Amino acid sequence: MTAKRKTPTIDDGPELVAAFLERPIRNDLRALSRFGSIDRPRFKVREGVSSPSEIAQAWRDGFNGRAVTDAFFRLLESDPNSWPRRDHPKTPAARKLDVFEELPEIAEAVRAACESGEAIHHIRSYVTAMKKLWTDLNRSRPVGWTADNVVAVLRRRHVIGVGSVQYPLAGVRYLWLGQKNSRFAKAELARFMQLLEFGATLTKRSKL
């Protein structure tokens, strides 16, 4: 007789991340997300009408729609030398971990997504996308990922026509939101919003 699997709690670490990587998706994970139990933001993002800053803010608040992906693709197709400048951030020191499921910042991202009321199948897609990013970034600790590092990886994928951007974009949002006490994470979230706003500005100009 097969033993019943224990449902991970929201406070678990490796067990929580591992559960969201399982296929098929586990129905018992529904108890962890606030999906349907809280009012999700209603985004009034309209193509050609919303300002670039409104699009960037909507992404930060949980919007994954076309206005965001259009802005990001426009960013990827532009010359990086034209992007807004920034000082090189000091990466926080962190012990190297070689097992993805053991990364505490990924568990924090899962918690942030659950708290926001994301559906569990979306959260699973975000975790899977972050695991692919982790591989592409030489298995470096996500606690030290910069917005520019992430964009560079997605830009390389875009050039060769591999992969989508929707899930990685949502994944890194929760990665940085989940690190609530990290000034570095807050700075990278703001930087990503700055780049997204720049892409949205380019999109708007191209339609004038």
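The values are calculated or read from the model by the stated rules, or taken from the named source; none is laboratory data. Remember, predicted model here, so these are calculated numbers, not experimental data. Virtual Cβ from ideal backbone geometry, glycine too; neighbours counted across all protein chains shown.
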Members of the stretch 55-81 found to be closer than 20 Å to T146 by Cα, in a helix (DSSP H, G or I) and of a type in the set (G, A, S), listed by number:
A56, A71
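Give Q179, Q166 a once-over and let me know the one that is at pLDDT below 95 and under 15 Å from the mean Cα position of the chain (by Cα). Break it down into steps so the answer makes sense when it comes.
On the way: Q179 fails: at pLDDT below 95.
Only one candidate qualifies: Q166.
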Where in the stretch 92-208 are the helices (runs of 4 or more DSSP H), entirely inside, with at least 2 residues that are of a type in the set (V, I, T)?
104-116, 120-136, 147-160, 183-206
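Determine whether P84 is under 29 Å from C114 (Cβ atoms) and either of a type in the set (V, I, T) or not in a helix (DSSP H, G or I) (or both). Talk me through it step by step, then tell me what you get.
Numbers: under 29 Å from C114 (Cβ atoms): no; either of a type in the set (V, I, T) or not in a helix (DSSP H, G or I) (or both): yes.
So P84 fails the test.
If you take the residues of the stretch 171-187 that are aliphatic (A, V, I, L, M) and within 12 Å of L133 (Cβ to Cβ), which of them is surrounded by the fewest Cβ atoms within 10 Å (Cβ to Cβ)?
Step one: of the stretch 171-187, the residues aliphatic (A, V, I, L, M) are 172, 175, 177, 185, 187.
Then keep just the ones that are within 12 Å of L133 (Cβ to Cβ); that gives 172, 175.
Numbers: V172: 25, L175: 28.
Here the residue is V172.
Pick out the one residue from D61, D70 that is of a type in the set (D, E, K, R) and crowded, with 17+ Cβ neighbours inside 10 Å.
Values: D61 fails: crowded, with 17+ Cβ neighbours inside 10 Å.
Step by step, each of D61, D70 is checked, and only D70 is of a type in the set (D, E, K, R) and crowded, with 17+ Cβ neighbours inside 10 Å.
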A careful count of residues in the stretch 42-81 that are more than 15 Å from A170 (Cα to Cα) and in contact with an Asp or Glu (Cβ under 6 Å, 6 or more places away or on another chain) gives 2
In the stretch 22-54, how many residues are part of a helix (DSSP H, G or I) and surrounded by 13 or more Cβ atoms within 10 Å (Cβ to Cβ)?
6
Residues of the stretch 2-21 satisfying the condition of being surrounded by fewer than 18 Cβ atoms within 10 Å (Cβ to Cβ) and part of a helix (DSSP H, G or I):
P14, E15, A18, L21
Which numbered condition in (1) touching a residue at least 24 places away in the same chain (Cβ under 8 Å); (2) within 18 Å of the chain's Cα centre (by Cα); (3) on the phi < 0 side of the Ramachandran plot is the only one that G62 fails?
(3)
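Taking the condition farther than 17 Å from V143 by Cα and either surrounded by 15 or more Cβ atoms within 10 Å (Cβ to Cβ) or of a type in the set (F, W, Y) (or both), does F100 pass? Even if it seems obvious, please write down each step before you answer.
Numbers: farther than 17 Å from V143 by Cα: no; either surrounded by 15 or more Cβ atoms within 10 Å (Cβ to Cβ) or of a type in the set (F, W, Y) (or both): yes.
No.
Based on this model, can you work out whether L137 counts as closer than 22 Å to W83 by Cβ and free of Cβ contacts under 8 Å to residues at least 24 places away in the same chain? Before the answer, list the steps.
Values: closer than 22 Å to W83 by Cβ: yes; free of Cβ contacts under 8 Å to residues at least 24 places away in the same chain: yes.
Against the criterion (closer than 22 Å to W83 by Cβ and free of Cβ contacts under 8 Å to residues at least 24 places away in the same chain), L137 qualifies.
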Return the pair list, or none, for Cβ contacts closer than 7 Å from residues in the stretch 158-187 that are within 16 Å of T146 (Cα to Cα) and in contact (Cβ under 8 Å) with a residue 60 or more places away in the chain to residues that are crowded, with 17+ Cβ neighbours inside 10 Å and polar (S, T, N, Q), at least 6 apart or on different chains.
L169/N64; A170/N64
